[in-house]
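> This is the structure I have questions about; it appears just below.
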Amino acid sequence: PQSPNPVGNLFKKAFGMFFSKAAPVPETTQDALPQNLRDALSQSPRQFRVYETAAGWRLIMVDAAIGAVDSASLEIMQQFPVDPQYLRLCERQKTCRARLTPKSWRVGLERPHHRFPFESARVAASMATWTDSYLKAIDGHATCRLLEGQDVPIAEELVQLIELHDQLSRVGSDSPLA
């Protein structure tokens, strides 16, 4: 399979919420989600796509586009069991983020040792080498898997964003989650 493009400007949009899970996900969607998340989904007037990730769940609200961190998005997040650290990150950075590619350590690589902007050409070359290794390591892995919401209508202004998310996260593949 072709390696995904890890660069995307999806982080400017509010569309992801992460949830932690304690045990492996069972075979059925109904059993996969914790009761408090199932209850919140059933009580919400909003429509969501529900994804499994390597360490939890991701919800993308698909019936309307809202601001990343405004009163409407915070109110929706408070209806769900959102990771408190993730919520603080969203508030602090005034954005919601969803990983599109696996974390490096989940595919057997250390985190990169350098941060952008690079201090020298040597450091930039080192990062380029790490990036090549990373792209090879993530080949054959998905970031999330769609569990629910395949048939939920998506607001027109979100269709391309959801399609890009699903493509870059390899949602439709049978690849293991990482």
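The values are calculated or read from the model by the stated rules, or taken from the named source; none is laboratory data. Here the structure is a predicted model, which means the values were calculated and not measured. Backbone-built Cβ (ideal geometry, glycine too); neighbour counts: all protein chains shown. Side chains are part of the model used for accessible areas, which takes the heavy atoms of the whole protein and leaves out ligands, DNA and RNA. Shrake-Rupley method; radii C 1.70, N 1.55, O 1.52, S 1.80 Å.
So that you can scan it fast, the table gives a plain yes or no per residue for (1) surrounded by fewer than 18 Cβ atoms within 10 Å (Cβ to Cβ); (2) among the charged types (D, E, K, R); (3) in contact with a Cys (Cβ under 8 Å, 6 or more places away or on another chain):
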residue: V123; (1), (2), (3): yes, no, no
residue: S133; (1), (2), (3): yes, no, no
residue: K136; (1), (2), (3): yes, yes, no
residue: G140; (1), (2), (3): yes, no, no
residue: D151; (1), (2), (3): yes, yes, no
residue: A178; (1), (2), (3): no, no, no
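> What number of residues within region 17-42 are basic (K, R) and at pLDDT 85 or above?
Residues meeting the conditions: 1.
> Step by step: first the residues of region 83-106, then only those that are open to solvent by less than 20 Å² (accessible area, probe 1.4 Å) and among the aliphatic types (A, V, I, L, M), then the one that is nearest to R38 (Cα to Cα). Which residue is that?
Filtering first and then ranking leaves A98.
> Considering only residues that are under 30 Å from G67 (Cα atoms), without any contact (Cβ under 8 Å) to a residue 60 or more places away in the chain and either of a type outside the set (G, A, S) or in a loop (DSSP other than H, G, I, E, B) (or both), which ones fall in region 139-169?
If the condition is that a residue be under 30 Å from G67 (Cα atoms), without any contact (Cβ under 8 Å) to a residue 60 or more places away in the chain and either of a type outside the set (G, A, S) or in a loop (DSSP other than H, G, I, E, B) (or both), then D151, E156, V159, Q160, E163, D166 are the ones that fit.
> Can you run down the residue pairs with Cβ atoms below 9 Å, 6 or more apart or on separate chains, where the first is in region 117-131 and closer than 15 Å to S104 by Cβ and the partner is surrounded by 10 or more Cβ atoms within 10 Å (Cβ to Cβ) and among the aromatic types (F, W, Y)?
S126/F118; M127/F118
> Given (1) in contact (Cβ under 8 Å) with a residue 60 or more places away in the chain; (2) under 20 Å from L158 (Cα atoms); (3) over 15 Å from the mean Cα position of the chain (by Cα), identify the lone condition not met by P81.
Unmet for P81, out of (1) in contact (Cβ under 8 Å) with a residue 60 or more places away in the chain; (2) under 20 Å from L158 (Cα atoms); (3) over 15 Å from the mean Cα position of the chain (by Cα): (2).
> Another question about this same structure. Go through region 86-138 residue by residue and tally those that are farther than 25 Å from W57 by Cα and part of a loop (DSSP other than H, G, I, E, B).
Final tally of qualifying residues: 9.
> Moving to a separate point now. Take region 47-82 and flag every residue that is of a type in the set (D, E, K, R), surrounded by fewer than 17 Cβ atoms within 10 Å (Cβ to Cβ) and under 25 Å from D151 (Cβ atoms).
D63, the sole residue that qualifies.
> Let me ask something else about it. For region 43-72, give me each residue that is among the small types (G, A, S) and either under 21 Å from S173 (Cβ atoms) or modelled with pLDDT of 80 or more (or both).
S44, A54, A55, G56, A64, A65
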